[in-house]
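Here is the structure we will look at.
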Amino acid sequence: MAQIGFVGLGNMGLPMARNLIKAGHTVTGYDLNSAASDRFATDGGVAATALDMACMGAEVIITMLPAGKDVRDVYLQRGGVLASARDGALLIDASTIDVETARAVAAAAQVNELAMVDAPVSGGMAGAEAGTLTFMVGGSDRAFERAKPILEAMGKTIVHAGGPGHGQAVKICNNMILGVSMIAVSEAFVLAEKLGIDPQKLFDIASKASGQCWAMTSYCPVPGPVPTSPANRDYQAGFTAAMMLKDLKLAQEAAKVSGARAPMSAAATALYNLFVEQGGARTDFSGIIRFLRGGEAARKETTAPQEPANN
Ligand code: NAD
């Protein structure tokens, strides 16, 4: 069993770190927010009061932070991960961030002779609690093999996507498909309503025809056809529209840098941006259907529960 440092004990990080403890690892956790560290201590973790305390002596250091700038800061600052890690430590960044930052930090780790993987997740808070996350891993074969048994304590599916940054690349490409397809499915259900078609009828037919996709069959944006979808609980997240917008923006940024044309996801980004601006930020991303029906987002948001994200 390993000595692990865990940085970022938020909605995702805390349950992930708890699962490492359950698997028998010794975990020292650090978060800027001391209340998060205190919660971790009551769950059997060791709470560090400074970043370097969580890193020093750890065989593996895992980070689960909000954005690329936080990852740069935590890894590269004086007294940060790279400066504090012991020789031979393995570094795992599970945050969802931009590909460029993931590659820059991995390159800096290599200069320090430290192995690193980017390992963003899908599966949301429910998956983090249950230990059933999917990890999309970017890094060398050797680093992947070292990371795999650690990730298995927090996830069910661990896939090697390729070299440094490839985990992030796969994650944002996947969520780009999801963001675009959720809008397409929502538009179809709104049109069906206008044409007097029962949503269940559209579902029964399209889910067996060429319109079939995950956004429809696992996460249907209208109540009824898929009882577990957020539409059945007033679009309580789930995976918030704010998170979807973050991932779509990362995809747009990557498309710009790499010269890929991505007009559909540009349109999806603009729509989610409007939805978020009109008050839909904490609503599940499938709540975009309200926005497409016209003018309902802001009104509904005032009654939407303040629950954080998923996926
Ligand atoms: P969160 O905001 O709940 O947690 C992030 C934690 O990091 C916070 O507790 C914050 O205090 C801490 N933090 C920030 N800067 C820090 C620093 N410099 N040092 C130490 N701690 C610091 O976010 P989350 O929902 O847990 O998401 C984390 C990452 O996982 C994000 O990149 C997100 O995109 C990704 N993700 C989230 C979900 C989800 O459903 N929430 C799903 C998939 C992926």
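The values are calculated or read from the model by the stated rules, or taken from the named source; none is laboratory data. In this text the structure is predicted, and so the values were computed from the model without any measurement. FYI the Cβ positions are ideal-geometry reconstructions off the backbone, even for glycines, and counts take in every protein chain you see. Just so you know, the surface numbers come from the protein's heavy atoms only, side chains and all, with ligands and any DNA or RNA stripped out. Shrake-Rupley method; radii C 1.70, N 1.55, O 1.52, S 1.80 Å.
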Exercise. In the chain, what % of DSSP beta bridges are antiparallel (nearest 5)?
Worked result: 15 percent
Problem set entry | Label point distance in nm, MET1-LYS156, each placed 7 Å from Cα along Cα→Cβ | 2.5 nm
Problem set entry | For the chain: accessible area per residue (Å², 1.4 Å) | 44 Å²
Problem set entry | Cβ-defined net charge surrounding GLN3, 10 Å radius [Lys, Arg +1; Asp, Glu -1] | 0
For this session: Name all residues of region 174-188 having a backbone nitrogen under 19 Å from the label point set 7 Å from the Cα of LYS201 along its Cα→Cβ direction, giving them as ranges.
Result: 186-188
Problem set entry | Centroid-to-centroid separation of region 158-203 and region 45-108 [C-alpha atoms, Å] | 32 Å
Problem set entry | Top of GLY45, GLY259, GLY280 by mean-square fluctuation, Gaussian network on the chain, Cα under 10 Å | GLY259
Problem set entry | Approximate spin-label separation ALA126-ALA270, in nm, with each point projected 7 Å along Cα-to-Cβ | 3.3 nm
Exercise. Summing +1 for each Lys or Arg and -1 for each Asp or Glu, what net charge is found among the other residues whose Cβ lies under 11 Å from the Cβ of VAL117?
Worked result: -1
Exercise. Given the Cα atoms of the chain, and with Rh set as the inverse mean 1/r over their pairs in the Kirkwood sense, what is Rg to Rh to two decimals?
Worked result: 1.01
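Percent of accessible area on the chain owned by carbon and sulfur, 1.4 Å probe? Mind dumping the intermediate values first?
Details: 7590 of 13650 Å².
Looking at the chain in its full context, I get 56 percent from C and S.
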Problem set entry | At R0 = 22 Å, FRET efficiency that the Cβ-Cβ distance of GLN212 and LEU191 yields, to 0.05 | 0.80
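Averaged over every viewing direction, what's the projected area of the C-alpha convex hull for region 169-300? Give it in nm², one decimal, please. Please report the intermediate quantities before stating the final value.
Working: hull surface 31.1 nm².
Over all viewing directions, region 169-300 projects a mean Cα-hull area of 7.8 nm².
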For this session: Could you name the lysines whose alpha carbon sits less than 19 Å from that of LYS194, not counting residues in the same chain fewer than 8 places away?
Result: none
For this session: State which entries of LYS22/LYS171; LYS22/LYS249; LYS148/LYS256 exceed 30 angstrom in Cα-Cα distance in the structure shown.
Result: LYS22/LYS249; LYS148/LYS256
